Amino acid sequence: VSVYGQDIGYARFLLICLCKKLGSLQKKSEYNFTGYVQRALLYIAENFKNGIDLASVAGHVGLTPMYFSVLFRKELGMNFSSYLDNIRFSYAKNLLCFTDYPILEVSQMSGFTDYTNFVRRFKKMHAMTPTEFRRTHFHAKNEKYQ
């Protein structure tokens, strides 16, 4: 059972956290994103679970995919797919830690369409499978409250 009542509210929370993290990177201290990138970040936060891609986000903000890709990388210091992966994997890790949804559902709820690819990439990024991650983090969380 999920503890997050509103998915959009949680997506906005993720966006705020990521923006704070990005703000701590070695960039200009008073850096402001262009309106295009701000709208894109909000759109991504609200729709990352719905199979969005660079072209759909670029279209949403009214730019060509090529120009949007260059602008996004210039302003955030990472490419679009890396950013989207960070959002999706962060959401998946929270679901693994705080819910008992099956791993297949976690992957789908996080915007991944290929379960095998999700597990393979998760293991590559975190040096453990989603099941091992849940076992390690879910039990540690529960022991803390017992």
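Taken residue by residue, the range 72-94 has no member that is touching a Pro at 6+ places or on another chain (Cβ under 9 Å) and over 25 Å from Ala40 (Cα atoms).
Among the residues of the range 76-96, is there at least one that is β-branched (Val, Ile, Thr) and open to solvent by 50 Å² or more (accessible area, probe 1.4 Å)? Within the range 76-96, none of the residues are β-branched (Val, Ile, Thr) and open to solvent by 50 Å² or more (accessible area, probe 1.4 Å). Taking the conditions (1) at pLDDT 95 or above; (2) buried (at least 17 other Cβ atoms within 10 Å of the Cβ) in turn, Gly59 satisfies each one other than (2).
The values are calculated or read from the model by the stated rules, or taken from the named source; none is laboratory data. No experiment lies behind these values; they were computed from the predicted model shown. Counting neighbours? That spans all protein chains shown, and the Cβs are built from the backbone with ideal geometry, glycine included. When the accessible area is computed, the model is the full protein with side chains, heavy atoms only, and any ligands, DNA or RNA have been set aside. Shrake-Rupley method; radii C 1.70, N 1.55, O 1.52, S 1.80 Å.
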